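Heads up, the thing below is written out as structure tokens.
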Amino acid sequence: MLLFATKRVARAILTVLIVVGCAFAALRLSSDPALVVLGPDAPPSAVAAFRAAWGLDQPLWQQFFYYIAGLLRGEFGRSLLNGADVLPLVGSRVLVTLEIMIPALAIGILVGVSAGAYAALRHNTPKDRLVMMGAVAGFTVPHFVLGLVLVLIFAVHLGWLPSGGNDSWRSAILPVVTLSTGWAAVLARFTRSSVVEVLGQPYIRTASAKGLLWRAVIIRHALPNAAIPVVTTIGFMVGGLLAGAVVTESVFSWPGLGQLIVTSVAARDVAVVQCVLLLVATAMVLSNMTVDFLYTLLDPRLRGGRH
Amino acid sequence: MVGVERRTFLMLASGAASMPRFAIAQSDTRPEIVVAVQKLVTSNTLDPVAEQSNVGERILNSYVELLIGRNLQGELEDMPQLATSWKRISDEIVEVSLRKGVKFHNGDEMTAEDIVFTFSAARMFGNTTPSGWDKTITMDTSRPTQKSKELPTQVPAVARRLWPSLVKVEVVDKYTCRFVNATPDVTIEGRLTGMGSQIVNRRAFEEAASWLDYARKPIGTGPYKIRSFTPDVELIFDAHDDYWGGRPPIKTLRFVQVPEVAQRVNGIRAGQYHFACDLTPDQIVTVESDPKLEVVGGIIPNIRLSVFDKYDTALKDPRIRQALTHAIDRKMIVDKLWLGRSKVPPGLQFAFYGDMLVSGWTAPEFDPAKAKALVKEAGYKGDPIPYRLLNDYYTLQTANAQVLTEMWQQIGLNVQIEMKENWAQIWDPKGKRAIHDWSNSAQFNDPVSSLPTQHGPQGQQQQVHEWANDEMNKLCGILQTSTDKAMRKKAFERMLVVCEREDPAYTVLNQNATFTAKRKSTQWKVAPDFAMDFRASNWRG
């Protein structure tokens, strides 16, 4: 078990380093942050001075080395636009993003898993097809389309809810519905196919044959065995909590991390982008590690790294 | 009994404590107004020098003011603002008399000391030195930090672009000061009307823990004072009731950033916003389908350009560039893309130049036959002509580029669009450069604030080796330093001929325009500018 944990932690650190390194190089090689920040009218002397002030005139490997050294000291950098510490800025946006992402994920899991299990237990019936039609629709409609339709109905025509912003809890309703619809749809499809597959296994017939109530067969044998693919999917969703709402935040003008990423990439505020990516990559890696450990709880055969 | 007395006392005390506040709240019936904008600022600060952008110009006049303002409810003509009068002492010196009794947001009275400080090295120029037209500006390369009061690198650079030769501002008396220039300059008064010359409070700057702390909440004299600012999210102002120009009509003015134009339109239709800015022409019909809403605005002092690189590709031959200018049907672009809400400018010049306006000058005529003849004469062989393009940095930019490309292909030029992500990629000397989009604003009412700043020897186009012309550079020197009005005008006329006809550096397309949706019930007049004016004189909500 210790070897299993050590390997996964090492792999996680390597993954985060690769992500951060790629982002670091891409942001600097794709264009000059000095010219983006100072604008097209900036005199060359000012551009040169800006590059020198921020170390952008040094070789890339040297810049990366200083960046990693700073990270190890707990320094995440300063905004190229105004010199502000990026960590408090990014941290405040994380909280705003989680205000919609956590309720959306909870609703998505609740609705998606329930709907998927319901459909599986009514396999090949009109109810099953109806649920799956809804799931396919929820999965295929892009968030920005669904978001705008919801705004037109509930904000513009009915006037029940705000069209965007983050003024009150009512502002969160439409973004949460938009996000949770997509997640519920994905989970419903995964849960259904997983449960259907498990229901065809010999041990389900055995459990039924030995006289267990159907409800007990489902709860004690079918659902735990069907959980692994569902947990994997939920793991991805949890990992994507921080960066998964870029489009939805733009549509609803929700001032979270997604909006910060978009504006910072456009402005080549590299310290902000790197800090966000570091957090996002870490969240994704931690989430995957958690899923790995959950696998071992759900399936003892996986302990010790055996697959 | 004791309990009852205590309860009674607490009730009376809390009632007494709440009554005055209740009374004040009742007396202030002014509205709270929400303005949805595409972007609040580009620098993430509110310092007028650091925030040199069109979006910044929209909000600046709400909290900081100029010595000599521009009439936002008229035609942008000069008008006294924080200065009541000004006079020339010599070709290098202008004396300004200040308005008395003007209060900053922190309660301080504005005096000549604040003017001196605003234009000081500590706040504006860093360790740069005033220079003549062709001198190199020295730069402070210190790295800005949150705790230091060092100016960010870009601030002195911008300040010297705005005031290349200003030596100092001197106090004459409490309400009089003098602007002293290193060289003769007829545009000192004009520079005082420009963005970046707004007056800030000395004490507030000095008391701020860092430059960033100051720049997130500058203390000015405008009708509204900053309550809070969250970059990329919102900017909230409260009324500055001691405003010298009369009690502001709005209690709380809130600008919110809503990047998506469809969401700004939805928000105003849903009643969430009172104003929705930066609409595209295609959204106008949607907004005006609501009988309670209208779209106001239109032409602003900013001109859209196609800019040429004369050193790469077939554009080395000026006849090819001339052909490009004659192949454009500008009126069709204005009528179809802009739905007639823009116009073709008379070259790169603005009506508010007054005497310096070259009357009778026009954009190159649309003449495809002439354009084809020029292409043939130049012996063009069909080599690709790259057109580096940003995705709608400007309103309708991509659609406009597609139209232009078709027009150029009609005269036999093989123009190919290359999508780019940012300005650094547009200017990148690597690879072939030929055409890109740009725009030009006049910061004040003289051509020296416009054409030379982009195409002159210190302008970006020459600095990145896209274009240069010796005659143009000599003319820029005359326009910058001569005090002979006739000679200056002649130089400007000749500049237009060189840059727009003989050796085209660019060609004008159309006058830029902004469109703002508002409620019809709000009696508010849009300015012919990016700025929004929420003073009492412009509000009958």
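The values are calculated or read from the model by the stated rules, or taken from the named source; none is laboratory data. Here the structure is a predicted model, which means the values were calculated and not measured. Because the Cβ atoms are built from the backbone with ideal geometry, glycine has one as well, and the counts that use them run over all protein chains shown. For the accessible areas, the whole protein counts, side chains as well, though only heavy atoms, and no ligand, DNA or RNA atoms are used. Shrake-Rupley method; radii C 1.70, N 1.55, O 1.52, S 1.80 Å.
In debye to the nearest 20, how big a dipole does the range B:413-457 give about its Cα centre with +1 on each Lys and Arg Cβ and -1 on each Asp and Glu Cβ?
Dipole about the Cα centre, nearest 20: 200 debye.
Tell me whether the range B:40-133 comes out rounded, prolate or oblate; compute the Cα gyration tensor, take square roots of the eigenvalues as a ≥ b ≥ c, and use a/c under 1.5 as the rounded threshold.
rounded
Could you tell me which residue out of B:Asn538, B:Leu509, A:Trp214 lies farthest along the dipole of the protein assembly as shown toward its positive end? Charges go on the beta carbon: Lys and Arg +1, Asp and Glu -1, centred on the Cα centre.
Going by the charge dipole, the pick is A:Trp214.
So what does A:Ile219 come to for accessible area, using a 1.4 Å probe and Å² rounded to 10?
100 Å²
Give the average, rounded to an integer, of partner chain Cβ atoms located within 10 angstrom of each Cβ in B:452-465.
Partner-chain Cβ atoms within 10 Å, mean over residues of B:452-465: 2.
Dipole of the range A:86-306, Cα-centred, from +1 at each Lys and Arg C-beta and -1 at each Asp and Glu C-beta, to the nearest 20 debye?
The calculated dipole for the range A:86-306 is roughly 940 debye.
In nm, to one decimal, how far is the A:Thr206 label point from the A:His123 one, both placed 7 Å along Cα→Cβ?
1.8 nm
Compare the Cα positions of B:Ser449, B:Val415, B:His436 along the charge dipole of the range B:411-484 (+1 at Cβ of Lys, Arg; -1 at Cβ of Asp, Glu; about the Cα centre) and return the one farthest towards the positive end.
Result: B:Val415.
Answer with one residue from A:Thr290, A:Thr140, A:Tyr203: the one whose Cα lies farthest towards the positive end of the charge dipole of the range A:86-306, charges on Cβ with Lys, Arg +1 and Asp, Glu -1.
A:Tyr203
From the square roots a ≥ b ≥ c of the eigenvalues of the alpha-carbon gyration tensor of the range A:177-301, which class results: rounded (a/c under 1.5), prolate (a/b over b/c), or oblate?
Since a/c reaches 1.5 and a/b is larger than b/c, the shape of the range A:177-301 is classed as prolate.
Just to verify a number: what accessible area does B:Trp427 come out at with the full protein assembly present, 1.4 Å probe, Å² rounded to tens?
The accessible area of B:Trp427 comes to roughly 10 Å².
Protein chains only, probe 1.4 Å: how do A:Cys22, B:Cys177 rank by accessible area, largest first?
Largest accessible area first, the list is A:Cys22, B:Cys177.
Would you calculate the separation in nanometres between label points at A:Val136 and B:Lys343, each defined as 7 Å from the Cα along the Cα-to-beta-carbon direction?
Between A:Val136 and B:Lys343, the label points sit 5.8 nm apart.
Which whole number gives the average count of other chain Cβ atoms within 10 Å of the Cβ atoms across peptide B:419-426?
Partner-chain Cβ atoms within 10 Å, mean over residues of B:419-426: 6.
If the only charges are +1 at each Lys and Arg Cβ and -1 at each Asp and Glu Cβ, what is the size of the charge dipole of the protein assembly as shown around the Cα centre, to the nearest 20 debye?
Dipole of the protein assembly as shown, to the nearest 20 debye: 2860 debye.
Sum -39500 (n - 2.57) across every DSSP H segment of at least 4 residues in chain B, then divide by the residue count to get the 222 nm mean residue ellipticity, nearest 500.
Here the helix-only value at 222 nm equals -8500 deg cm²/dmol.
Determine the calculated [θ] at 222 nm for chain A from helices alone, applying -39500 (n - 2.57) to every DSSP H run no shorter than 4 residues and normalising by the residue count; nearest 500 deg cm²/dmol.
It lands at -23500 deg cm²/dmol.
Taking Cα centroids, how far is the range B:176-227 from the range A:136-152 in Å?
Computed from Cα coordinates, the inter-centre distance equals 48 Å.
Please identify every one of the trypsin sites (Lys or Arg not before Pro) in the range A:144-193 that sits in a loop by DSSP and has no more than 14 other beta carbons within 10 Å of its own beta carbon.
none
Return the loop-located trypsin sites (Lys or Arg not before Pro) in the range A:199-264 (DSSP other than H, G, I, E, B) with at most 12 other Cβ atoms within 10 Å of their own Cβ; answer none if there are none.
Here the trypsin sites (Lys or Arg not before Pro) that fit, given the DSSP loop and packing criteria, are A:Lys210.
Within the accessible area of chain B, what % is carbon and sulfur when the probe is 1.4 Å and the other protein chains stay in place?
Its accessible area is 53 percent carbon and sulfur atoms.
Using a 10 Å cut-off around each Cβ of peptide B:150-161, what is the average number of partner chain Cβ atoms that fall inside?
Averaged over the peptide's residues, the number is 5.
Looking only at chain B, where both bridge partners belong to it, what percent of the DSSP beta bridges are antiparallel (to the nearest 5)?
Approximately 75 percent, going by the DSSP bridge assignments.
Can you give the local net charge around B:Asp503? Use residues other than it whose beta-carbon is closer than 15 angstrom to its beta-carbon, Lys and Arg +1, Asp and Glu -1.
Cβ neighbours under 15 Å give a net charge of 0.
Per residue, how much accessible area does chain B have with a 1.4 Å probe, in Å²?
Per-residue accessible area for chain B comes out at 39 Å².
Measure out, as a whole number of angstrom, how far apart the alpha-carbon centroids of the range A:226-249 and the range B:85-135 sit.
First find each Cα centre; the distance between them is then 57 Å.
At 37 °C and 0.692 mPa s, grab the translational diffusion coefficient of chain B from Stokes-Einstein with a Kirkwood Rh over Cα pairs, rounded to a whole number in µm² per second.
Approximately 130 µm²/s, per Stokes-Einstein.
If you average the sequence gap of Cα pairs under 8 Å that are 6 or more apart and divide by the length of chain B, what percent do you get for the contact order?
Taking the mean separation of contacting Cα pairs over the length of chain B, I get 19 percent.
Take each uninterrupted DSSP H stretch in chain B, measure its Cα extent along the helix axis, and return the ones at 27 Å or beyond whose mean Kyte-Doolittle hydropathy is at least -1.0.
Within chain B the helices that satisfy the rule are B:2-27.
State whether the range B:386-541 is rounded, prolate or oblate according to the following rule on the C-alpha gyration tensor (a ≥ b ≥ c being the square roots of its eigenvalues): a/c under 1.5 gives rounded; otherwise a/b larger than b/c gives prolate, and the remaining case gives oblate.
It is oblate, given that a/c is not under 1.5 and a/b is not larger than b/c.
On a 0 to 90 degree scale, rounded to 10, what angle separates helix A:60-72 from the longest Cα axis of chain A?
Rounded to the nearest ten degrees, it is 60.
In the neighborhood of B:Lys251, defined by Cβ-to-Cβ distances under 13 Å, what is the net charge if each Lys or Arg adds +1 and each Asp or Glu adds -1?
Result for the neighbourhood of B:Lys251: +1.
In what order, largest first, do A:His221, B:His105 sit by accessible area if the probe radius is 1.4 Å?
A:His221, B:His105
How do B:165-174, B:112-121 rank on mean C-beta neighbours within 10 Å, highest first?
Highest to lowest by the protection proxy: B:112-121, B:165-174.
When you take every Cα atom in the protein assembly as shown, what is the radius of gyration, and what is Dmax, the widest Cα pair distance, in Å?
Rg, Dmax (Cα atoms, Å): 31.2, 109.
Hey, what's the per residue convex hull volume over the C-alpha atoms of the range B:351-476, in cubic angstrom?
Once divided by residue count, the hull of the range B:351-476 is 149 Å³.
Relative to the longest principal axis of chain A, what angle (0 to 90°, nearest 10) does the C-alpha long axis of helix A:86-121 take?
20 degrees
Take the alpha carbon atoms of the range B:512-528, find their center, do the same for the range B:430-491, and report the distance between the two centers in whole angstrom.
33 Å
Give the Rg/Rh ratio for the range A:86-306, taking Rg as the radius of gyration of the Cα atoms and Rh as the Kirkwood radius, to two decimals.
Rounded to two decimals, Rg over Rh is 1.05.
If I take R0 = 30 Å and measure r between the Cβ atoms of A:Leu95 and A:Val149 in this structure, what FRET efficiency does the formula 1/(1 + (r/R0)^6) give, to the nearest 0.05?
Working from the Cβ atoms, E equals 0.60.
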